[in-house]
Amino acid sequence: MTKTTAELRESVAKKLRIKSVDMDLDADTAATIDARIQDVSDYLREAGLVWWEDNAIPNAAMMPMTLMVAAWACADVGKAGQSYESGFSDGKTQLASIKPSAVTETVRAEYF
């Protein structure tokens, strides 16, 4: 099972306490979170920690991604200095620990 980017946006907004059942996200805030989702995904893909296609986030990766995106988005939505920033390293560690072994790169000696 997978989650969408929209579901990740909602999860990040709830984590940052800028969305609740009776309060929707405004378009600017949603766009800001979406931009941070893309930034974090690009960074992690380059680092080899994202193995899924865009808009198909594995269920197990939702919490780590929520923590990391919230860490990068918190200042943009007025939530800096409330300990969200520390979530990036925690999320990155969690994501690395669940990366399937089939996509884990191995070290190989290269002989000339």
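The values are calculated or read from the model by the stated rules, or taken from the named source; none is laboratory data. Please read these numbers as outputs of a predicted model, since none were measured by experiment. Backbone-built Cβ (ideal geometry, glycine too); neighbour counts: all protein chains shown.
Observations, loosely collected:
- Residue pairs whose Cβ atoms lie under 7 Å apart, separated by 6 or more positions or on different chains, with the first residue in region 69-93 and within 19 Å of Ala35 (Cα to Cα) and the second in a loop (DSSP other than H, G, I, E, B) and among the aromatic types (Phe, Trp, Tyr), are Ala70/Tyr84; Ala71/Tyr84; Cys74/Tyr84.
- Residue check, Lys14 charged (D, E, K, R), at pLDDT below 95 and in contact with a Leu (Cβ under 9 Å, 6 or more places away or on another chain): no
So that you can scan it fast, the table gives a plain yes or no per residue for (1) at pLDDT 90 or above; (2) within 20 Å of Gly48 (Cα to Cα):
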{"residue": "Met65", "(1), (2)": "yes, yes"}
{"residue": "Met68", "(1), (2)": "yes, yes"}
{"residue": "Ala71", "(1), (2)": "yes, yes"}
{"residue": "Cys74", "(1), (2)": "yes, no"}
{"residue": "Asp90", "(1), (2)": "yes, yes"}
{"residue": "Ile98", "(1), (2)": "yes, yes"}
{"residue": "Val103", "(1), (2)": "no, yes"}
{"residue": "Arg108", "(1), (2)": "no, yes"}
{"residue": "Tyr111", "(1), (2)": "no, no"}
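- Count of residues meeting criterion [among the hydroxyl-bearing types (Ser, Thr, Tyr), surrounded by fewer than 15 Cβ atoms within 10 Å (Cβ to Cβ) and either in contact with a Lys or Arg (Cβ under 6 Å, 6 or more places away or on another chain) or touching a residue at least 40 places away in the same chain (Cβ under 8 Å) (or both)] in region 1-34: 2
- Of the residues making up region 1-34, those that are among the basic types (Lys, Arg) and not in a helix (DSSP H, G or I) are Lys3, Arg17, Lys19.
- Note on region 35-57: residues that are exposed (fewer than 12 other Cβ atoms within 10 Å of the Cβ), among the charged types (D, E, K, R) and not in a helix (DSSP H, G or I) amount to 1.
- Test for Ile33: is it at pLDDT below 95 and of a type outside the set (Gly, Ala, Ser): no
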